[in-house]
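Peer 1: Below: one structure in structure tokens.
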Amino acid sequence: MKERLIVALDLEDGNENFELSEKLKGTVSWVKIGYQALYSLGTEVFAWYSENRINTFLDLKFHDIPNTVARDVGTMTKHGANMINMHASGGIEMMQAARIRADDVAQDRRIDKPILLGVTILTSTNEAEFQFQFGSERHLSNQVVFLAKQAKEAGLDGVVASPLEIELIRKACGDDFIIVTPGIRPSWANRGDQKRITTPSEAINRGADFLVVGRPIIEADDPIEAAEMILDEMRGE
Ligand code: C5P
């Protein structure tokens, strides 16, 4: 299960993110780097994580014209990000351009192709908010499946989605399609702003490939103990 837990390094201070990574080194094998961590730590950290056998999920949720996103993804592939995401709502052309560029860079550098993911609908959004924001009467889950199918058609490896939508995405996109789920809350943790959530064991039972967990670990008094408790829950212990 260690290979399936991604810790979101969402602390604002670079040194704190770094210290946390040092602590978690033996316990987890993936970290998620967002804007805060990237700005505070700099791109050199990809080399540090790779030397310390920690994989990196770069969560910048790119959304721009195809040429720009392709270059963004290509640049981050060069830096060594192992997993990179973009908003699936950016469109098939944008996702295809990113796929092509990432694969070209990986081939040139003789490195593994990064896992590319499409972000569907954020787990902090509920049905009513989704319909209001997009002026749509469509059900949120239908939109999630629609975006997941587009990501697959564009050649992405998978999507980021709520654990509550795993079953529908699996049915539509198949067993090999990677599903990464944030919105994970063990019973002992605060919900925060997350709305479409499940516990770690429920997410695994529903078929998630990777679980992204931030605050329940990074804000815990003992982050290692919190990560270990979540890993136990993922194993069904
Ligand atoms: O602290 P928490 O466990 O809620 O952190 C979840 C992380 O996953 C955050 O870094 C958030 O930006 C990210 N995320 C999310 N929903 C998505 C995509 C990413 O919560 N759809």
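The values are calculated or read from the model by the stated rules, or taken from the named source; none is laboratory data. Bear in mind that the values here come from a model prediction, so they are computed numbers and not experimental data. Glycine gets a Cβ as well: all are built from the backbone with ideal geometry, and neighbour counts include every protein chain shown. Protein only, heavy atoms only, side chains kept; ligands, DNA and RNA dropped before computing areas. Shrake-Rupley method; radii C 1.70, N 1.55, O 1.52, S 1.80 Å.
Peer 1: Out of the residues in region 177-199 meeting the condition of being touching a strand residue (DSSP E or B) at 6+ places or on another chain (Cβ under 8 Å) and in a loop (DSSP other than H, G, I, E, B), tell me which one is farthest from the ligand (Cβ to nearest atom).
Peer 2: Checking each candidate, the answer is Phe177.
Peer 1: Pairs under 6 Å by beta carbon, first residue without any contact (Cβ under 8 Å) to a residue 40 or more places away in the chain and closer than 13 Å to Glu219 by Cβ in region 182-195, partner of a type in the set (A, V, I, L, M, F, W, C) and open to solvent by 30 Å² or more (accessible area, probe 1.4 Å), six or more apart or different chains?
Peer 2: Partner pairs satisfying both residue conditions: Arg185/Ile197.
Peer 1: Under 8 Å between Cβ atoms, which residue pairs at least 6 apart in sequence (or on different chains) link something in region 224-235 that is of a type outside the set (A, V, I, L, M) with a partner that is not in a helix (DSSP H, G or I)?
Peer 2: Short answer, once both residue conditions are applied: Glu228/Thr27; Glu233/Pro186; Glu233/Thr199; Arg235/Met1.
Peer 1: Here is a check on your reading of the model: is Leu211 of a type in the set (A, V, I, L, M, F, W, C), open to solvent by 20 Å² or more (accessible area, probe 1.4 Å), in contact with a strand residue (DSSP E or B) (Cβ under 7 Å, 6 or more places away or on another chain) and within 13 Å of the ligand (Cβ to nearest atom)? Don't jump to the end; show me each part of the working.
Peer 2: Working: of a type in the set (A, V, I, L, M, F, W, C): yes; open to solvent by 20 Å² or more (accessible area, probe 1.4 Å): no; in contact with a strand residue (DSSP E or B) (Cβ under 7 Å, 6 or more places away or on another chain): yes; within 13 Å of the ligand (Cβ to nearest atom): yes.
When the stated conditions are applied, Leu211 does not pass them.
Peer 1: Answer yes if at least one residue in region 152-174 is away from the ligand (no atom under 14 Å from the Cβ), in contact with a helix residue (DSSP H, G or I) (Cβ under 7 Å, 6 or more places away or on another chain), touching a residue at least 60 places away in the same chain (Cβ under 8 Å) and open to solvent by 80 Å² or more (accessible area, probe 1.4 Å), and no otherwise.
Peer 2: yes
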